[in-house]
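K.L.:
Got a structure here, written out as structure tokens. Questions coming.
The values are calculated or read from the model by the stated rules, or taken from the named source; none is laboratory data. None of the values given here were measured: they were computed from a predicted structure. Note that each Cβ is placed from the backbone with ideal geometry, even for glycine, and that neighbours are counted across all protein chains shown. Side chains included, ligands, DNA and RNA excluded: accessible areas come from the protein's heavy atoms. Shrake-Rupley method; radii C 1.70, N 1.55, O 1.52, S 1.80 Å.
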Amino acid sequence: MTHPFEVVGEATIHATPDQVWEAIASSRGMDGWFMGENTVEPRLGGAVQTRLPGFTMDSTITTWEPPHRFVTTSPESPEGRLDAFSFEIEGRAGGTTHLRFVHSGFLPGDDWEQEYEALKAGDPAYIAKLAEYVEHFAGRQATPITLWGGQVSRDRAWAEFTKALGVGPHPRVGDRVRFRADGLPELDGEVDYVSRDFLGFRTPDGMYRFIHGMGTVAIGHHVFAPIDRPATEQAWQAWIDRTFA
């Protein structure tokens with residue numbers, strides 16, 4: 001049995017509609033804020049692919065109205081899963097852009113409510129990251145780093161995240177961050193996103209996200225400087241495995 005769902009979000013972004021469109025409707029743009037590594041075929045009916053460790057998400061562009069409306073729709077899976085992502089972009093006074101986002105479709109299985117709760121927490125985090133990308137890193141090429149760890153409690157994940165970032169148990173946006181780990185560069189920045197399941201910080205060359213969702217720890221980073229990707233992924237995976245052993 002499948003269950004319909006909908007997650008709606010809005011954001012005011014200090015950028016033009018064209019800049020927001022480029023972030024949403026291009027391969028380079030999506031790599032700067034969305035999950036995994038992305039390929040966008042920029043036209044109505046074009047293919048969109050998001051590649052993550054262990055699986056790939058495919059969808060088709062079903063609305064293409066630059067720079068105002070962009071919608072992608074996945075094929076229905078054998079279990080009945082379907083995802084549609086809709087973006088409505090409107091220029092506003094003062095050089096800002098209003099973005100309305102709707103993620104809707106159908107979720108299968110008896111645990112669909114748990115997944116729906118994860119989407120309600122995760123989708124706003126990615127929209128916030130989209131706004132940060134456009135405002136701070138637009139046009140820069142990102143290397144996305146998306147990795148998973150094991151099953152741990154939310155309390156343990158949060159304790160390890162805050163300890164690693166050198167912040168208190170109740171971090172706030174603007175708090176200074178100092179991250180040090182074997183095999184990884186020294187990272188100094190400031191907290192830019194806090195929610196029940198996400199803790200993020202930004203440096204001059206990257207956005208870093210530490211995540212607890214569906215009982216699992218994960219990271220979703222975007223590095224806007226030249227790096228050795230395999231070595232960087234290996235070092236971050238080692239940090240996850242060591243921290244949550």
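K.L.:
If you average the C-alpha positions of segment 206-245 and of segment 101-135 separately, how far apart do those two centres end up, in angstrom?
P.N.:
With segment 206-245 and segment 101-135 each reduced to a Cα centre, they are spaced 20 Å.
K.L.:
On average over all directions, what projected area in square nanometres does segment 161-227 have, based on the convex hull of its Cα atoms?
P.N.:
4.6 nm²
K.L.:
If you don't mind, there's one more thing I want to ask. Please name whichever of 128, 174, 82 sits farthest to the positive end of the charge dipole of the chain, dipole taken about the Cα centre and charges placed at Cβ: Lys and Arg +1, Asp and Glu -1.
P.N.:
Highest projection toward the positive end goes to 174.
K.L.:
Then there's this: When ligands, DNA and RNA are left out and all protein chains stay put, how many square angstrom of accessible area per residue does segment 1-107 have with a 1.4 Å probe?
P.N.:
Here the residues of segment 1-107 average 49 Å² of exposed surface.
K.L.:
In the full protein assembly as shown, how much of residue 211 is accessible to a 1.4 Å probe, in Å² to the nearest 10?
P.N.:
That residue has around 20 Å² of solvent-accessible surface.
K.L.:
At a 10 angstrom cut-off on C-beta neighbours, averaged per residue, how do the peptides 141-147, 105-111, 158-164 rank from highest to lowest?
P.N.:
Ranking, from highest mean packing down: 141-147, 158-164, 105-111.
K.L.:
Pop out the carbon and sulfur fraction of the accessible area of the chain as a percent, whole number, probe 1.4 Å.
P.N.:
Its accessible area is 52 percent carbon and sulfur atoms.
K.L.:
Something else: Quote the relative contact order of segment 185-238 in percent (integer), defining contacts as alpha-carbon pairs under 8 Å separated by 6+ residues.
P.N.:
21 percent
K.L.:
Tell me, Kirkwood radius of the chain from alpha-carbon pair distances, in Å?
P.N.:
Roughly 18.7 Å, rounded to one decimal.
K.L.:
Can you give the helix-only mean residue ellipticity at 222 nm for the chain, where every DSSP H stretch with n ≥ 4 adds -39500 (n - 2.57) and the sum goes over all residues, rounded to the nearest 500 deg cm²/dmol?
P.N.:
-8500 deg cm²/dmol
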